[in-house]
1. Six or more apart or on different chains, Cβ under 6 Å: which pairs go from a residue in the stretch 5-18 that's closer than 18 Å to Pro36 by Cα to one that's in a helix (DSSP H, G or I)? Could you list them?
2. Within the stretch 51-67, identify whether any single residue is in contact with a Ser or Thr (Cβ under 8 Å, 6 or more places away or on another chain), part of a loop (DSSP other than H, G, I, E, B) and crowded, with 16+ Cβ neighbours inside 10 Å, and answer yes or no.
3. Determine the pairs where a residue that is in a strand (DSSP E or B), located within the stretch 20-38, has a partner that is modelled with pLDDT of 95 or more and of a type in the set (Lys, Arg) with Cβ atoms under 6 Å apart, the partner being 6 or more residues away or on another chain.
4. State whether the residues of the stretch 34-45 include one that is more than 12 Å from the chain's Cα centre (by Cα), modelled with pLDDT of 95 or more and polar (S, T, N, Q).
5. For the stretch 39-50, which positions are touching a Phe, Trp or Tyr at 6+ places or on another chain (Cβ under 7 Å) and either assigned to a loop (DSSP other than H, G, I, E, B) or touching a residue at least 60 places away in the same chain (Cβ under 8 Å) (or both)?
6. Can you name the residue in the stretch 68-98 that is part of a strand (DSSP E or B) and among the small types (Gly, Ala, Ser) and, of all such residues, is farthest from the chain's Cα centre (by Cα)?
7. Quick check on this structure: which one of Glu61, Glu83 is in contact with a strand residue (DSSP E or B) (Cβ under 7 Å, 6 or more places away or on another chain) and either modelled with pLDDT of 95 or more or of a type outside the set (D, E, K, R) (or both)?
8. Please work out which residue is farthest from Ser43 (Cα to Cα), limiting yourself to the stretch 68-98 and to residues that are surrounded by fewer than 14 Cβ atoms within 10 Å (Cβ to Cβ) and touching a Pro at 6+ places or on another chain (Cβ under 8 Å).
Amino acid sequence: MNYDALSVAPEIYQVLFENDRVRVLNVTGEPGTSSPLHSHPDSVMHAVSDASIVITSEEGESKRVEVPAGVTFWTPASKHAVENVGTGSVHFIRVELK
């Protein structure tokens, strides 16, 4: 099965730039939007908006995460599902390393 985020949820992930070293994704979602199980390589994330999300690992463990706008952080490679459980839209820029 293909777990690439862009293939699993093209309505959430859009490619802004890609070359042989990185892929930059625009990640957006309205309240209640969810992305089924998908994977990302090591990445840098930047929160454009505040986000209240639930991340569920491939083992089924869920955790709620609050991310304030303006925060930039590292995320190691993972496979997970994500749901926007907040009252507002979420917006991230994800830079995936190849």
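The values are calculated or read from the model by the stated rules, or taken from the named source; none is laboratory data. Quantities reported herein were computed from a predicted structural model and do not represent experimental measurements. Ideal geometry is used to build each Cβ from the backbone, glycine not excepted, and the neighbour counts take in all protein chains shown.
1. Tyr13/Ala5; Tyr13/Leu6
2. No, the stretch 51-67 contains no residue that is in contact with a Ser or Thr (Cβ under 8 Å, 6 or more places away or on another chain), part of a loop (DSSP other than H, G, I, E, B) and crowded, with 16+ Cβ neighbours inside 10 Å.
3. Sorted first by the residue in the stretch 20-38, then by its partner, the pairs are Leu25/Arg94; Val27/Arg94.
4. No - not one qualifying residue is present in the stretch 34-45.
5. Going through the stretch 39-50, the residues touching a Phe, Trp or Tyr at 6+ places or on another chain (Cβ under 7 Å) turn out to be 39, 44-48.
Selection gives Val48 alone.
6. Of all residues in the stretch 68-98, those part of a strand (DSSP E or B) come to 72-75, 78-84, 90-97.
Right, trim to among the small types (Gly, Ala, Ser) and you get 78, 81.
Working: Ser78: 11, Ala81: 9 Å.
So the residue we want is Ser78.
7. Values: Glu61 fails: in contact with a strand residue (DSSP E or B) (Cβ under 7 Å, 6 or more places away or on another chain).
Criteria check complete, one pass: Glu83.
8. Thr87
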